[in-house]
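All remarks here apply to the structure that follows.
FYI, it's all coordinate maths here, none of it is from the lab. Bear in mind the structure is a predicted one, so any value in this text is a computation, not a measurement. Here the Cβ is made from the backbone with ideal geometry for all residues, glycine too, and neighbour counts use every protein chain on show.
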Amino acid sequence: MSPATEGTSQPAITPSQAGRGEGGRWRQVRFEELSDVLISEAPTREARASSNPVENAHPKLRLERRQKLEHHLKKSPTDLDGFMELGRIYRADDRPLEAKRIFEQARQIFPNEQELLWEYEEAVLARSLQQYREVSDLAARLDTLETERELKRSQNDWARRRMEVCMARLTRDPTLHHLHIALAEAMYDAEMYEDAISKLDAILDRDELSPLAYLIKGRCLLASGNDLQAMVALRAVALRRSVVAPLRTRIIALKLLCETAEKVGVSLTLTKYRNHLALAEQELAQHIASSK
């Protein structure tokens, strides 16, 4: 699931990336690495691809199929499978606004279909992400007050949409504990630090989630100015032996620990953190070299 899988060749990790964790389809840091944090309760994509080969077909074939389905649904507006296939084709063509329109139409006819609701939420998220990416690209080229305002607006919308979907899915199924990570990431992006920490506290005792949970908690505490408490959370990521965090997660936490220790003037522990960081980066370099 995580794009930061051990042993893969990745760009250098910087502490500014730490707030978003190492995974999550909808995190906003490195778009090319989007994976599947919000979608694990849905039918597998392999299953959908096998039953809907058109989604993986040539763009020209998808266009022809799309046109046929649009025409078909005008005559048969109660064909749920037709709506699902058409919406997924639009998603495959990176046209989430059209996908959202199709799933929205279908939801008016089939309000209780859970898979349809899931697809609609995915389209809403994908559209928000698409808008954020477009504005980010524009802001990278044009440094104006207008683009800055639009970038902030799209960032807020992206965070809000993730929060809405996460909370809705957790309401439907409280056992989806991994969504607390995605929810906290969105709250961090929205500068809702206390709310994010409260969501993370519920999963800190879950070994498979605790490294990322502590990492995001540390970032929230740093952003709130609670440096010493943040260091406690970051040490739980970087140095805990009972639950060893993934290598890249440890490196992010150690970099943040070094920065914070230097900031507060803790020289002895700073040396300790730098030594651990050097060892972890050496280990990562070995992993990358062995994978080539």
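Things worth noting here:
- All alpha carbon pair distances within the range 153-292 were sorted into 10 Å bins beginning at 0; the resulting P(r) in whole percents reads 12, 37, 32, 17, 2.
- Each peptide in 259-266, 95-102, 57-64 receives the mean, over its residues, of other Cβ atoms within 10 Å, and ordering these scores from highest gives 95-102, 259-266, 57-64.
- Pairs of Cα atoms farther than 25 Å apart, the range 41-175, %: 35
- 3J(HN,Hα) along the range 72-86, derived from phi through the Karplus expression 6.51 cos²θ - 1.76 cosθ + 1.60 where θ = phi - 60°, amounts to 4, 5, 5, 8, 10, x, 10, 8, 4, 4, x, 4, 4, 5, 5 Hz, with x in place of Gly and Pro.
- Extreme residue, positive dipole direction of the range 41-175, given options LEU73, THR144, HIS58 (C-beta unit charges): LEU73
- Fully extended contour minus Cα-Cα distance, from LYS68 to GLU194, at 0.36 nm per residue: 40.4 nm
- Across all C-alpha atoms in the range 171-252, the radius of gyration and Dmax reach 12.1, 37 Å.
- Pairwise label distance in nanometres, ASP143 with ASN112, each label 7 Å out on the Cα-Cβ vector: 5.8
- The charge dipole of the range 41-175, taken about its Cα centre with unit charges on the Cβ of Lys, Arg, Asp and Glu (plus for the first two, minus for the last two), comes to roughly 200 debye.
- Normalised by the number of residues in the range 41-175, the mean separation of alpha-carbon contacts (under 8 Å, six or more apart) gives a relative contact order of 16 percent.
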